[in-house]
Amino acid sequence: MTIRQPNITFIGGGNMAAALIDGLANRFTSAANINVIDVNPQTLEQLLQRFGVTVHCDLVEAVAGCDILILAVKPQQITSVLRDIAAKLQHQLVISIAAGIRTADLSTGLQGYTSIVRAMPNMPALIGRGMTGMFAMPGVSAEQRLYADTVMSAVGKTLWMQTESSLDAVTGVSGSGPAFVFYFIEAMQKAALEVGLSAAESKLLVLETVAGAAELALQSDEEVALLRERVTSKGGTTFAGLNSLQQDDFCAVVSRAIKAATMRSRELGEAD
């Protein structure tokens with residue numbers, strides 16, 4: 001499969017599809033080579049006006065003519081979509097970002113087709129700072145794998161998993177993780193109010209602190225534990241705060257949250 005300007009078809013034009021289109025259009029391929037199918041005419045019109053993509057009403061035609069097919073529909077819609085497109089697949093790379101749908105179920109719905117990559121992007125992909133866990137079925141060629149990586153890199157970083165079951169852990173860490181960070185930010189802002197800061201002051205201080213600390217951790221070659229130690233003087237203010245967190249078993253609380261999210265991902269996948 002030699003592609004210079006690949007034709008890409010999105011089935012589903014929601015927020016994640018729009019983020020991917022934003023990163024791909026006129027970079028990886030021309031906007032005109034990106035086809036979008038969605039049941040909502042208003043969504044299609046918005047994508048046409050914003051990116052200059054090609055919008056389709058004919059699902060079969062859009063699928064048959066593409067090189068890369070991206071399934072960006074809700075999980076409850078996936079069965080009917082697979083049934084409608086199965087007979088039209090010949091060489092296409094199929095990338096699914098439908099949450100919780102296993103590749104085995106996708107392959108079964110596509111009459112045994114195996115050129116399938118499952119991707120698990122997270123919410124920050126909407127601003128190009130996503131983290132996507134990926135798994136490829138054995139039928140995916142090295143070239144197709146490269147294209148899949150290029151597509152998902154349009155919205156952030158990628159991490160390939162050796163086993164599909166690892167995507168449950170990816171879901172628990174990076175998929176659910178943004179909500180845990182938001183919850184921590186909420187708690188910090190609430191506490192800031194309680195110690196006398198205004199709402200505006202609390203928001204600015206907390207958001208910039210979290211963003212700055214994360215950026216420092218990203219750019220530093222040192223382990224985060226060492227960074228933590230560098231800002232913690234024995235007997236000082238940070239020491240007092242960290243001691244309180246340790247007494248409340250903070251690490252165990254976070255661990256239980258990630259394990260609960262991972263387990264739920266596993267349960268949902270097994271239920272499909």
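The values are calculated or read from the model by the stated rules, or taken from the named source; none is laboratory data. Source: prediction; values computed, not measured. Reconstructed Cβ throughout: ideal geometry from the backbone, glycine too, with neighbour counts over all protein chains shown.
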Residue that is assigned to a helix (DSSP H, G or I) and within 25 Å of residue 104 (Cβ to Cβ), where the choices are 49, 77, 42: 77
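Looking at the stretch 245-253, is at least one residue in a helix (DSSP H, G or I), assigned by TED's automatic domain parsing to the domain that holds residue 187 and touching a residue at least 12 places away in the same chain (Cβ under 8 Å)?
First pass over the stretch 245-253, keeping only residues in a helix (DSSP H, G or I): 245-247, 250-253.
Those left that are additionally assigned by TED's automatic domain parsing to the domain that holds residue 187: 245-247, 250-253.
Retained after the next criterion (residues that are touching a residue at least 12 places away in the same chain (Cβ under 8 Å)): none.
No; the residues of the stretch 245-253 include none that is in a helix (DSSP H, G or I), assigned by TED's automatic domain parsing to the domain that holds residue 187 and touching a residue at least 12 places away in the same chain (Cβ under 8 Å).
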Among residues of the stretch 226-244, those that are farther than 22 Å from residue 191 by Cα and assigned to a helix (DSSP H, G or I), counted: 4
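Rundown of residues vs (1) touching a residue at least 40 places away in the same chain (Cβ under 8 Å); (2) farther than 19 Å from residue 125 by Cα, yes/no style:
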{"residue": "20", "(1), (2)": "yes, no"}
{"residue": "32", "(1), (2)": "no, yes"}
{"residue": "52", "(1), (2)": "no, yes"}
{"residue": "63", "(1), (2)": "yes, yes"}
Selection count where residues are surrounded by 16 or more Cβ atoms within 10 Å (Cβ to Cβ), polar (S, T, N, Q) and assigned to a helix (DSSP H, G or I), scope the stretch 167-215: 4
Residue in the stretch 88-102 that is in the same structural domain as residue 117 (by TED's automatic domain parsing), farther than 22 Å from residue 136 by Cβ, in contact (Cβ under 8 Å) with a residue 24 or more places away in the chain and outside any loop (DSSP other than H, G, I, E, B) present: no
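Give the residues of the stretch 64-102 that are acidic (Asp, Glu) and surrounded by fewer than 18 Cβ atoms within 10 Å (Cβ to Cβ), sorted by residue number. I'd like the intermediate steps shown before the answer.
Taking the stretch 64-102 first, the residues acidic (Asp, Glu) are 67, 84.
84 - this is the single residue of the stretch 64-102 that is acidic (Asp, Glu) and surrounded by fewer than 18 Cβ atoms within 10 Å (Cβ to Cβ).
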